[in-house]
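See below for the structure under consideration.
The values are calculated or read from the model by the stated rules, or taken from the named source; none is laboratory data. Since this is a predicted model, take the numbers as computed values, not measurements. FYI the Cβ positions are ideal-geometry reconstructions off the backbone, even for glycines, and counts take in every protein chain you see.
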Amino acid sequence: MTPPGDIAARICPRVLEAPRQGRRRLVALAGQPASGKTTLAECLARALCEAGCVASVVPMDGFHLHNQILLDRDSLNRKGAPHTFDAAGFLSLVSRLHNEEEVFYPLFERDRDISVACAGRVGPECDTVVIEGNYLLFDAPVWRELAPHWDLSIRLDVPLATLEERLVQRWLDHGLSPEQAAERAAGNDLANARAVARHTLEADILLSA
């Protein structure tokens, strides 16, 4: 498999050539759970900075609904599914990133399983924002309204078997037993991965693993 740093170096010129709608260029990096979005986003931002373009990474995960809300809606076991995010709030953030001088956004702390308000910042020095998340090219109400905001869109396409292996390992790393890890991956994460694959919009760049 090609190292993410090499992939980032390869697509960096394409990002720099992309025209922008506002003062900042917005690049969407979409993919299924465990497809490698976060790592690639960080590598791409670093490659852009090395090319003289100040770039920031903004993750979608800060818009997880709070666990108590999910409990009240009997959806905690589906956390990470499209309906367990504040999609409208995320859409509002994306619309602000084009031109507002300074934008704060929430970050998700996986170890605490909670979103922290205003923990991230995009400042006036930022030229390009790499936004990463599962549902950036998701063809469903509210989510599909994101697509017109992207100056460039990238989608990672990873085989389901590879995703399953990574997802099980992720839960093992969080202290679950092999049985619990397999159940957690199969019961929620892979269902979300299949939904992303079934309802995806076209991307400007498709990266296949």
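For every residue, the table says whether it meets (1) of a type outside the set (Gly, Ala, Ser); (2) under 28 Å from Asp173 (Cβ atoms); (3) at pLDDT below 95.
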site: Arg10; (1), (2), (3): yes, no, no
site: Pro13; (1), (2), (3): yes, no, no
site: Leu16; (1), (2), (3): yes, no, no
site: Ala30; (1), (2), (3): no, yes, no
site: Glu42; (1), (2), (3): yes, yes, no
site: Ala47; (1), (2), (3): no, yes, no
site: His98; (1), (2), (3): yes, no, no
site: Glu101; (1), (2), (3): yes, no, no
site: Tyr105; (1), (2), (3): yes, yes, no
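Name every residue in the stretch 124-179 that is polar (S, T, N, Q), within 24 Å of Leu44 (Cβ to Cβ) and in a loop (DSSP other than H, G, I, E, B), in order of residue number. Steps first, please.
So in the stretch 124-179, the residues polar (S, T, N, Q) come out as 128, 134, 153, 162, 169, 177.
From the residues that got through so far, the ones that are within 24 Å of Leu44 (Cβ to Cβ) too are 128, 134, 153, 162, 169.
Of everything in the stretch 124-179, just one residue is polar (S, T, N, Q), within 24 Å of Leu44 (Cβ to Cβ) and in a loop (DSSP other than H, G, I, E, B), namely Asn134.
Would the stretch 66-86 turn up any residue that is acidic (Asp, Glu), surrounded by 15 or more Cβ atoms within 10 Å (Cβ to Cβ) and more than 24 Å from Ala209 (Cβ to Cβ)?
Restricting attention to the stretch 66-86, the residues satisfying the condition of being acidic (Asp, Glu) are 72, 74, 86.
When the remaining residues are screened for being surrounded by 15 or more Cβ atoms within 10 Å (Cβ to Cβ), the result is 86.
Keeping just the survivors that are more than 24 Å from Ala209 (Cβ to Cβ) gives 86.
Yes; the residues of the stretch 66-86 include at least one that is acidic (Asp, Glu), surrounded by 15 or more Cβ atoms within 10 Å (Cβ to Cβ) and more than 24 Å from Ala209 (Cβ to Cβ).
Count, please, the residues in the stretch 180-209 that happen to be touching a strand residue (DSSP E or B) at 6+ places or on another chain (Cβ under 9 Å), more than 25 Å from Thr2 (Cα to Cα) and assigned to a helix (DSSP H, G or I).
Going through the stretch 180-209 one residue at a time, the tally reaches 1.
Tally time: how many residues in the stretch 174-203 are under 26 Å from His83 (Cα atoms) and either touching a Gly at 6+ places or on another chain (Cβ under 7 Å) or not aliphatic (A, V, I, L, M) (or both)? It would help to see each step written out before you state the result.
First, the residues of the stretch 174-203 that are under 26 Å from His83 (Cα atoms): 174, 176, 180-203.
Now restrict to residues that are either touching a Gly at 6+ places or on another chain (Cβ under 7 Å) or not aliphatic (A, V, I, L, M) (or both): 174, 180, 183-184, 187-189, 192, 194, 198-200, 202.
Residues meeting the conditions: 13.
What pairs come up if the first residue lies in the stretch 116-130 and is without any contact (Cβ under 8 Å) to a residue 40 or more places away in the chain, the second is crowded, with 17+ Cβ neighbours inside 10 Å, and their beta carbons are under 6 Å apart, counting only those six or more places apart or on different chains?
Ala117/Pro106
Being surrounded by 15 or more Cβ atoms within 10 Å (Cβ to Cβ) and either of a type in the set (Ser, Thr, Tyr) or at positive phi (or both) is the filter here, so list the residues in the stretch 163-209 that pass it.
Result: Thr200, single match.
Quick check on my filter: what residues within the stretch 66-99 are aliphatic (A, V, I, L, M), free of Cβ contacts under 8 Å to residues at least 40 places away in the same chain and within 30 Å of Pro124 (Cβ to Cβ)? Quick ask: steps written out before the conclusion?
Within the stretch 66-99, the subset aliphatic (A, V, I, L, M) is 69-71, 76, 81, 87-88, 91, 93-94, 97.
Right, trim to free of Cβ contacts under 8 Å to residues at least 40 places away in the same chain and you get 69-71, 76, 93.
Once the filter is applied, which keeps residues that are aliphatic (A, V, I, L, M), free of Cβ contacts under 8 Å to residues at least 40 places away in the same chain and within 30 Å of Pro124 (Cβ to Cβ), the stretch 66-99 yields only Leu93.
Identify all residues within the stretch 44-89 that are in contact with a helix residue (DSSP H, G or I) (Cβ under 6 Å, 6 or more places away or on another chain) and part of a strand (DSSP E or B); write none if there are none.
Selection gives Ala55, Val57, Phe85.
Taking the conditions exactly as written (more than 18 Å from His149 (Cα to Cα), buried (at least 16 other Cβ atoms within 10 Å of the Cβ) and of a type outside the set (D, E, K, R)), does Leu44 satisfy them or not?
The answer is yes for Leu44.
Would you confirm whether any residue within the stretch 155-162 is in contact with a strand residue (DSSP E or B) (Cβ under 6 Å, 6 or more places away or on another chain) and buried (at least 19 other Cβ atoms within 10 Å of the Cβ)?
Kept after step one, since they are in contact with a strand residue (DSSP E or B) (Cβ under 6 Å, 6 or more places away or on another chain), are these residues of the stretch 155-162: 155-157.
From what's left, buried (at least 19 other Cβ atoms within 10 Å of the Cβ): 155-156.
Scanning the stretch 155-162 turns up at least one residue that is in contact with a strand residue (DSSP E or B) (Cβ under 6 Å, 6 or more places away or on another chain) and buried (at least 19 other Cβ atoms within 10 Å of the Cβ).
Scanning for something on the phi < 0 side of the Ramachandran plot and under 17 Å from the mean Cα position of the chain (by Cα), does the stretch 16-24 turn up at least one residue? Working first, answer last.
Here is the first cut: in the stretch 16-24, the ones on the phi < 0 side of the Ramachandran plot are 16-24.
Then keep just the ones that are under 17 Å from the mean Cα position of the chain (by Cα); that gives none.
No: the stretch 16-24 contains no residue that is on the phi < 0 side of the Ramachandran plot and under 17 Å from the mean Cα position of the chain (by Cα).
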